[in-house]
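The values are calculated or read from the model by the stated rules, or taken from the named source; none is laboratory data. All of these numbers come straight from a predicted model, not from anything done at the bench. Backbone-built Cβ (ideal geometry, glycine too); neighbour counts: all protein chains shown.
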Amino acid sequence: MSQSALDSMAHELLTRGEGFTFIARGQSMWPHILDGDVIELQPKLGQVRIGDVVFIPTGDFGVLHRVIAVAGDGKVLTRGDALREPDGWSMPEQITGVLKRVRRHGNAVNVPGGRTALHIANVLGRLRRIVHRIRHR
């Protein structure tokens, strides 16, 4: 199945009110979501909040990143927990799914949400960048 077909299928299932499951690729959500984790999404049913992990379809399938800000007009700013720069602002209707569950090696993994999770992600992201600089000097 082509990437665009997979992107369309994810978008279609989520907008119809059904869930969608896929394998995470990349490290942008480290340490909460790792490459190879099984991701279960549920449709976005209402407003998203700061700290929610949301799915936004893109031409390359989509991104599963954390909401770091919500503007007064409803626009949402997302960023991967391990990344320094945000993805940019998205319209609420672009968000089709919200993280329901993460499974790693068959076991459920707790992925915290809310503002506390955002603060934890910020601290861990800074620590990861410091360790990376130390190791690559």
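Among the residues of the stretch 19-38, which ones are outside any strand (DSSP E or B) and either surrounded by fewer than 17 Cβ atoms within 10 Å (Cβ to Cβ) or β-branched (Val, Ile, Thr) (or both)? Lay out the reasoning, then the answer.
Step one: filter the stretch 19-38 for residues outside any strand (DSSP E or B), giving 19, 24-37.
Correct list: 19, 25, 26, 27, 31, 33, 34, 35, 36.
Looking only at residues that are in contact with a Phe, Trp or Tyr (Cβ under 8 Å, 6 or more places away or on another chain) and under 17 Å from residue 120 (Cβ atoms) in the stretch 81-103, which one is surrounded by the most Cβ atoms within 10 Å (Cβ to Cβ)?
Initial filter on the stretch 81-103 (in contact with a Phe, Trp or Tyr (Cβ under 8 Å, 6 or more places away or on another chain)): 81-82, 95-99.
Applying the additional criterion that residues be under 17 Å from residue 120 (Cβ atoms) yields 81-82, 99.
On the way: 81: 24, 82: 18, 99: 20.
Top of the filtered list is 81.
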Residue pairs qualifying under the 9 Å Cβ cut-off, at least six apart or on distinct chains, with the first in the stretch 96-117 being among the aliphatic types (A, V, I, L, M) and the second being part of a helix (DSSP H, G or I) and at pLDDT below 95, are 111/117
When every residue in the stretch 39-57 that is part of a loop (DSSP other than H, G, I, E, B), surrounded by fewer than 20 Cβ atoms within 10 Å (Cβ to Cβ) and touching a residue at least 60 places away in the same chain (Cβ under 8 Å) is compared, the one nearest to the chain's Cα centre (by Cα) is 51
